[in-house]
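Everything on this sheet refers to the single structure shown next.
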Amino acid sequence: MKADVADGGEGWSDSRIIKALDTSVSMVYRVRKQLAEEGFEAVLSRKQRATPAVARIFDGEKEAKLVALACSKPPKGRVRWTLRLLENKVVELGIVDRASDSTIGRALKKTSSSPIADSAGLSRRRRTARS
């Protein structure tokens, strides 16, 4: 808008805009081009990404395998699966190439059927006797 010469205002030079807004020549160029091609609203709104910045590790199929593993009998000598045990086992079984315990926890937190749901912060409704 600072570059606009219309309606009685003197437009700023690119160098003045760059200095005032502490930006780059390429940013001024891109904004000016987008304004001309797409309009004012496009410049003010954020463009939705076509793909997420970081690809998801667990798609639907892999997540289902993780949940099935978490619901299975834990390793010998363990009472239940921990996030760290699951982290190592999904890589060992080739379900995913890599995973962190926090990624495992987020994936399992989506479901209340997981035996580790209580430790992952989920709570299940308990039936109460009616009087």
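The values are calculated or read from the model by the stated rules, or taken from the named source; none is laboratory data. Keep in mind that what you see is a predicted model, and the values were worked out from it rather than measured. Neighbour counts are summed over all protein chains in view; Cβ atoms, including those assigned to glycine, are modelled from backbone coordinates with ideal geometry. Accessible surface is based on the protein model in full, side chains and every heavy atom, while ligands, DNA and RNA are left aside. Shrake-Rupley method; radii C 1.70, N 1.55, O 1.52, S 1.80 Å.
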Inset, instruction - Please work out if Lys62 is more than 24 Å from the chain's Cα centre (by Cα) and not in a loop (DSSP other than H, G, I, E, B). - result: no
Legend entry - Filter pass, Arg106 being of a type in the set (Lys, Arg) and either within 23 Å of the chain's Cα centre (by Cα) or at pLDDT 85 or above (or both): yes
Inset, instruction - Test Ile95 against the stated conditions and say whether it is modelled with pLDDT of 90 or more and either open to solvent by 60 Å² or more (accessible area, probe 1.4 Å) or assigned to a loop (DSSP other than H, G, I, E, B) (or both). - result: yes
Inset, instruction - Could you list all residues from the stretch 21-53 that are open to solvent by less than 50 Å² (accessible area, probe 1.4 Å) and either of a type in the set (A, V, I, L, M) or at positive phi (or both)? - result: Val28, Gly39, Ala42, Val43
Legend entry - From Ala70, Ala55, Ala64, residue being modelled with pLDDT under 85 and aliphatic (A, V, I, L, M): Ala55
Legend entry - Which listed residue is assigned to a helix (DSSP H, G or I) and exposed (fewer than 13 other Cβ atoms within 10 Å of the Cβ), from Arg78, Arg84, Arg56: Arg84
